[in-house]
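A single structure is presented below for examination.
The values are calculated or read from the model by the stated rules, or taken from the named source; none is laboratory data. All values derive from a computational prediction rather than experimental measurement. So basically every Cβ, Gly included, is an ideal-geometry build from the backbone, and we count neighbours across all protein chains shown.
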Amino acid sequence: MEQSLARYIWTHTWKQQLWILAVVAASMIPFYMSFNLPKLIVNGPIQGQGFETPGTTQPFLRLAYDLPVFGETVFFSGISLDREQTLFALSMVFLLLVVVNGLFKLYINTYKGRLGERMLRRIRFELVDLVLRFPPHQFRRVKSAEIATMVKDEVEPLGGFIGDAFVQPALLGGQALTAMLFIMLQNFWLGLVALVIVMIQLGIIPRMRRRLIELGRQRQLTARQLSGRVGEIVEGIGAVHIHDTSNYERADIAARLGRIFKIRYDLYQWKFLVKFINNFLAQVTPFLFYLIGGYLALQGRLDVGQLVAVIGAYKDLPGPMKDLIDWDQARQDVQVKYAQVVEQFSIDHIVDSRIQAVSSESVPALDGPIAAVNLSLVDDSGARLLERVSVQIKPGEKVAVVGTAAGGAEVFAEAVARLIWPESGRIAIGGTDLLQLPESVVGRRMAYASSDAFLSQGTLRDNLLYSLKHAPLTPTVYDGELETQRNWEVGEARKAGNPDFDLNSDWVDYAAAGAKGPDDILLVIRPVLEAVALSRDILDLGLRASVDPSRHPEIVDRIVELRLALRERVAAEGVSGLVVPFEPGAYNQQATVGENLLFGTATGPELADKALASNPYFLSVLKSAGLDEVLYNMGLEIAGNAIELFSDLPPDHPFFQQLAFMTADEIPGYKVLLQKLKGRSYATVSEQDRAQIIMLSFAYIEPRHRFGLLTEDLMARIVEARSRFHEGLPKELAGAIERYDPMRFSTAASLMDNVLFGRIGHNQPDGPERIRAIVREILDELGLYDEVLDIGLEFNVGVGGRRLTGAQRQKLDLARALLKRADFLILNRPLSALDQRAQDQIVRNVLEEAKRDGRNPAIIWVLANPAMSQLFDRVIVFHGGELVEDGTHETLAARNGIFKGLLS
Amino acid sequence: MLLNDEVGMLRRVPLFSNVEPAKLKLLAFTSDRVSYGAGQILFRQGDEGDAAYVVLSGKADIIVDSPGGQVKVAEVEPNEIVGEIAILCDVSRTATVQASMPLEALRIRKDHFLRLLREFPEMTIEIIRVLADRLGHTTAELSEARSQERQAKH
């Protein structure tokens, strides 16, 4: 990036800067005129100058100039107006000038603002563009939060300054010069006094401000480091808790804040000292004028009128001078900020932008071999990771890479994926240096997956298809307002030097994955997910999700069919106790008392959870069914049991997950409540306390909790209350509940709950797992598997994919590497979070899946289990940073070398 | 069968017989009540052990895989615990347990059980006592078997 801010601004905005200077110059004319006009109004029509006799008229808007050659020339003889008409006309002109001046100001300010914002956009984009092109080792040195702060906050003030960068000094300098000149013309000596003071001001103030700038730089640095540290704490919060270092972190942050405080306080002290001196100098000048000017006047060398005029003119000097000095400070300030940021981003070996040029063309297959020649790699400290390795891997070859710990196998894979650059030697593909190949070739024809999978926030589908989003392939067609909007976006992007790629177009390269378009992509995704053993997880996510009927009408339409199929299957397998379906006229023993009463899913806050027990309508139904006192007694029993069982346990004990009735924090409250209610009859208990106790009964499930609180009679009464509840449901509650309906899909419940339409028996060993297995089979039989997979792919993976398990993240990363159908597939211990057996199975699956549709990619797999290398054509072995063995599994296993040692 | 009955059953299991009833109730509450049909398998030999089972009613066969096929080595009856070794030490199941008639059991999860041991030392001591007792028996049996073997050799 350009080192000097002024040059940077000028190169990108000189046309606009010249234009705005011209506009400012033009705006001076009405500005000056509006100064002159009040004098004309007061002296002319109001005081009566030129209108001495009644009926006199004066020409208005007469344009006549005394030109050197032509003599007096009249351009426009004007309109004759009398005194009142002139007053009116001149006042209108004044109003007009006010409007014109205002419009000029509006235009200039908006123009400057837009100019600044565009430049800000340009700078920010250039910074992020540079980050995208940083060489890999750079990322080991920078903290992400610091970069983010620089891009977001530190360049922000530049936007405000850029519009003023050239206009402001021109304008203010002009004003100050004019005032200075005026004073000079009145009296040379007084002018000299003013000039000297101004020179002192210009000399001292910026010098004093230098320290301010240094402090400002420190402030910026420390603040950036602070944000880096805060980011580190957030990311490493696990380590903080594990090692009990939270107080160390507190100390560190407090020390940093202390340093920042000191810098900022220093800054204030200097700032106000400078301000004081500045003000003093500005005020001392009139004092000198009075003293010297007055003395001169007394001596008769200066007339009083001149003195007054000088003092009057001097009033206009400090304003622009002060603004000018302020501008200069802003300039130095942003210059420092800019230089700071640029320094951080000026790095050697930035990747050439041509390497990352966007390409919508399909890239031909890589048909040459990958060859490492004398490849040496070092780490940041300069330690050798790989020592002069030469090896060639032909297209289609399946190579297992194994090695001793830190033997070099992993870094070799990283080097082939360009994640670490050679210290010496090189890697070439078909004779071209790997580092010279555009990313559009390497990123599409080669695939890489490692154990540290990076996922961005978004759906599973977004993350899965991320590996195919290389270029905006299908242009989006806009019309009407959207088209105007899009054109505006494109125009603005270009003006700020940003690319105008359309984020809304479909970036996914379906053809590369072997699909025709978005409709059949699932057909290629599914086998890949099966291969990495992820489809079951995603299916389960889909089953746990709630379904948007407009997006998945098929599953909604066929829900009754699904429910029926599940019933039949469960009956056929003789495990009907596995699911107890909801039936409008029967009590469901496996569901809670609350569910049995409501017989529906609460969709609004009125009937959800704790609000239910205090809902007046619901309570009235309980009362009329004679259930309120029964449930109250039941709640008392439950509270007694829960307190007996749990009151000894610390509040964060995992057993509390088993306690459905109350949270750990509520136990003391219930203890007190039980004491208070002991021996009191139901009638004397307050409404609020009743609700507190009745609420407990709603979570009760007899086979789960086994307190022995449900009788046949009670169950019958609950079912009766249920129908009463639904019959008399008032209109305002109609939207708060969705009743269980065997014939309809419930949008409020998860897909699994919809299919089950009942509860899994609590006494069934491994009930949920068995049910899931059955549901998976049924979905496959009914041809709905892909549909549910599709729903599962809409799952949001959370920040960094943290809503997935480590194993799922790694599988997903492997899946998207496979999805690309690359010519070289580099897999660097991609499944470290899985157990050995699962890893081995996936190795087999992936080798098989890579061959789909007659493809034959080269696979370079750094294996965690050397025994798996028998599935590969060739094995290369790394030890101590050197390639020590190379051959087929049989030959190496027969030899008495490192590989044999690894195998055993 | 209710929670309190289960506590009664647990007390009859030697491993738990001296543990306070309140702790047993917590153990019962945090355990799952599971029912098996005849022929259903509680766990298989070689599986990872994640729970112990206290049989409340019904019977189950303990079966061991041997080169000559599956061999029934013992039977579990009500009030007996099965699978406790696998949750005390990290070993895989040493036998398969299959219900021989409809069976009700209390499934005590490994993490819950270990948690209780950690939290209530008196319970741990009880259990150590029972295990030590068992070990004593086993050692006695072993030495007896050894001496018989030696006598047989001579």
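Being touching a Gly at 6+ places or on another chain (Cβ under 6 Å), of a type in the set (D, E, K, R) and within 30 Å of A:GLY396 (Cβ to Cβ) is true for just one of A:ARG855, A:ARG809. Which residue is that?
Going through A:ARG855, A:ARG809 in turn, the sole match is A:ARG809.
Please determine, by comparing only the residues of region B:59-69 that are in a strand (DSSP E or B) and without any contact (Cβ under 8 Å) to a residue 40 or more places away in the chain, which one is nearest to B:PRO102 (Cα to Cα).
Result: B:ASP61.
Within region A:306-329, does at least one residue satisfy the condition of being part of a helix (DSSP H, G or I), out of contact with any Lys or Arg (no Cβ under 6 Å at 6 or more places or on another chain) and closer than 30 Å to A:ALA511 by Cα?
no
Kindly check whether there is at least one residue in region A:196-205 that is polar (S, T, N, Q), within 30 Å of A:ASP303 (Cβ to Cβ), assigned by TED's automatic domain parsing to the domain that holds A:ASN278 and assigned to a helix (DSSP H, G or I).
Yes, the conditions are met somewhere in region A:196-205.
Name, by its number, the condition in (1) within 13 Å of A:GLN589 (Cα to Cα); (2) assigned to a helix (DSSP H, G or I) that does not hold for A:GLY708.
Just one mismatch for A:GLY708, condition (2).
Restricting to region B:101-138, give me the number of residues that are within 11 Å of chain A (Cβ to nearest Cβ), under 16 Å from the mean Cα position of the chain (by Cα) and more than 18 Å from B:SER17 (Cα to Cα).
5
Give me the residue from region A:75-89 that is surrounded by 14 or more Cβ atoms within 10 Å (Cβ to Cβ) and charged (D, E, K, R) and, out of that set, nearest to A:THR57 (Cα to Cα).
Per the stated criteria, the residue is A:ASP82.
Using beta carbons and a limit of 9 Å, which pairs, at least six apart or on different chains, have the first residue in region A:670-682 and in contact (Cβ under 8 Å) with a residue 24 or more places away in the chain and part of a helix (DSSP H, G or I) and the second one of a type in the set (Lys, Arg) and surrounded by 14 or more Cβ atoms within 10 Å (Cβ to Cβ)?
A:TYR682/A:ARG690
Go over the candidates B:LEU117, B:LEU106, B:LEU27 one by one and state the one that is aliphatic (A, V, I, L, M) and out of contact with any strand residue (DSSP E or B) (no Cβ under 9 Å at 6 or more places or on another chain). Walk me through it before giving the result.
Working: B:LEU106 fails: out of contact with any strand residue (DSSP E or B) (no Cβ under 9 Å at 6 or more places or on another chain); B:LEU27 fails: out of contact with any strand residue (DSSP E or B) (no Cβ under 9 Å at 6 or more places or on another chain).
Exactly one residue qualifies, and that residue is B:LEU117.
Considering each of A:ALA533, A:ALA586, A:ALA591 in turn, give the residue that is closer than 30 Å to A:LEU847 by Cβ, away from every other protein chain (no Cβ under 14 Å) and assigned to a loop (DSSP other than H, G, I, E, B). So that I can check it myself, show each step before the final result.
Numbers: A:ALA586 fails: closer than 30 Å to A:LEU847 by Cβ; A:ALA591 fails: closer than 30 Å to A:LEU847 by Cβ.
Testing whether each residue is closer than 30 Å to A:LEU847 by Cβ, away from every other protein chain (no Cβ under 14 Å) and assigned to a loop (DSSP other than H, G, I, E, B) leaves just A:ALA533.
Give the residues of region A:683-705 that are in a helix (DSSP H, G or I) and hydrophobic (A, V, I, L, M, F, W, C), sorted by residue number.
Once the filter is applied, which keeps residues that are in a helix (DSSP H, G or I) and hydrophobic (A, V, I, L, M, F, W, C), region A:683-705 yields A:ALA683, A:ALA691, A:ILE693, A:ILE694, A:MET695, A:LEU696, A:PHE698.
In addition: Looking at (1) out of contact with any helix residue (DSSP H, G or I) (no Cβ under 8 Å at 6 or more places or on another chain); (2) under 30 Å from A:SER144 (Cα atoms); (3) modelled with pLDDT of 85 or more; (4) not β-branched (Val, Ile, Thr), which is the one condition that is false for A:GLY800?
Evaluating A:GLY800 over (1) out of contact with any helix residue (DSSP H, G or I) (no Cβ under 8 Å at 6 or more places or on another chain); (2) under 30 Å from A:SER144 (Cα atoms); (3) modelled with pLDDT of 85 or more; (4) not β-branched (Val, Ile, Thr) leaves (3) as the failure.
Something else: Could you please find all residues in region A:804-842 being in a loop (DSSP other than H, G, I, E, B) and either among the acidic types (Asp, Glu) or touching a residue at least 40 places away in the same chain (Cβ under 8 Å) (or both)?
A:LEU804, A:LYS820, A:ARG821, A:ALA822, A:ASP823, A:ARG829, A:PRO830, A:LEU831, A:SER832, A:ALA833, A:ASP835
Check B:LYS72 against each of (1) assigned to a strand (DSSP E or B); (2) more than 14 Å from chain A (Cβ to nearest Cβ); (3) touching a Lys or Arg at 6+ places or on another chain (Cβ under 9 Å); (4) not aliphatic (A, V, I, L, M) and name the one condition it does not meet.
The one condition B:LYS72 does not meet is (3).
For every residue, the table says whether it meets (1) surrounded by fewer than 22 Cβ atoms within 10 Å (Cβ to Cβ); (2) out of contact with any helix residue (DSSP H, G or I) (no Cβ under 7 Å at 6 or more places or on another chain); (3) farther than 25 Å from A:SER390 by Cβ.
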{"residue": "A:GLY854", "(1), (2), (3)": "yes, yes, yes"}
{"residue": "A:ILE860", "(1), (2), (3)": "no, no, no"}
{"residue": "A:SER869", "(1), (2), (3)": "no, no, no"}
{"residue": "A:ILE876", "(1), (2), (3)": "no, yes, no"}
{"residue": "A:GLU882", "(1), (2), (3)": "yes, yes, no"}
{"residue": "A:GLU885", "(1), (2), (3)": "yes, no, no"}
{"residue": "A:THR891", "(1), (2), (3)": "yes, yes, no"}
{"residue": "A:LYS900", "(1), (2), (3)": "yes, no, no"}
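Do we have B:GLU80 as surrounded by 13 or more Cβ atoms within 10 Å (Cβ to Cβ), under 12 Å from the mean Cα position of the chain (by Cα), farther than 16 Å from B:ASP47 by Cβ and touching a residue at least 60 places away in the same chain (Cβ under 8 Å) here?
It is true that B:GLU80 is surrounded by 13 or more Cβ atoms within 10 Å (Cβ to Cβ), under 12 Å from the mean Cα position of the chain (by Cα), farther than 16 Å from B:ASP47 by Cβ and touching a residue at least 60 places away in the same chain (Cβ under 8 Å).
What single numbered condition from (1) surrounded by 13 or more Cβ atoms within 10 Å (Cβ to Cβ); (2) over 24 Å from A:GLU595 (Cβ atoms); (3) within 14 Å of chain B (Cβ to nearest Cβ) fails to hold for A:TYR682?
(3)
Quick check: is even one residue across region A:647-658 in a helix (DSSP H, G or I) and either in contact with a Leu (Cβ under 8 Å, 6 or more places away or on another chain) or of a type in the set (Gly, Ala, Ser) (or both)?
Yes, region A:647-658 has at least one match.
Still on this structure, I have one more. Select from region B:30-58 the residues that are surrounded by fewer than 17 Cβ atoms within 10 Å (Cβ to Cβ), more than 10 Å from chain A (Cβ to nearest Cβ), assigned to a loop (DSSP other than H, G, I, E, B) and more than 13 Å from the chain's Cα centre (by Cα) and list them in ascending order.
Passing the criteria: B:ALA38, B:GLY39, B:ARG44, B:GLN45, B:GLY46, B:ASP47.
Against the definition (within 13 Å of chain A (Cβ to nearest Cβ), among the aliphatic types (A, V, I, L, M) and in contact with a His (Cβ under 9 Å, 6 or more places away or on another chain)), how does B:LEU27 come out, yes or no?
In short, yes.
For (1) surrounded by 12 or more Cβ atoms within 10 Å (Cβ to Cβ); (2) in contact with a Cys (Cβ under 9 Å, 6 or more places away or on another chain); (3) more than 14 Å from A:ASN187 (Cβ to Cβ), each residue gets a yes or a no:
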site: A:ILE263; (1), (2), (3): yes, no, yes
site: A:PHE276; (1), (2), (3): no, no, yes
site: A:ALA282; (1), (2), (3): yes, no, yes
site: A:PRO286; (1), (2), (3): yes, no, yes
site: A:GLY300; (1), (2), (3): no, no, no
site: A:VAL304; (1), (2), (3): no, no, no
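So, in region A:190-201, exactly how many residues are touching a residue at least 24 places away in the same chain (Cβ under 8 Å) and out of contact with any helix residue (DSSP H, G or I) (no Cβ under 7 Å at 6 or more places or on another chain)?
0
From the set of residues in region B:83-103 that are out of contact with any strand residue (DSSP E or B) (no Cβ under 8 Å at 6 or more places or on another chain) and either under 14 Å from B:ALA51 (Cα atoms) or among the β-branched types (Val, Ile, Thr) (or both), which is surrounded by the fewest Cβ atoms within 10 Å (Cβ to Cβ)?
The extreme case among them is B:CYS89.
Only residues that are away from every other protein chain (no Cβ under 14 Å) and either hydroxyl-bearing (Ser, Thr, Tyr) or outside any helix (DSSP H, G or I) (or both): list them for region A:711-727, please.
Within region A:711-727, the subset away from every other protein chain (no Cβ under 14 Å) is A:712-727.
Within region A:711-727, A:SER723 is the sole residue that qualifies.
Out of region A:728-773, which residues are of a type in the set (A, V, I, L, M), touching a residue at least 60 places away in the same chain (Cβ under 8 Å) and away from chain B (no Cβ under 14 Å)?
A:LEU729, A:LEU733, A:ALA736, A:ILE737, A:MET743, A:ALA748, A:ALA749, A:LEU751, A:MET752, A:VAL755, A:LEU756, A:ILE771
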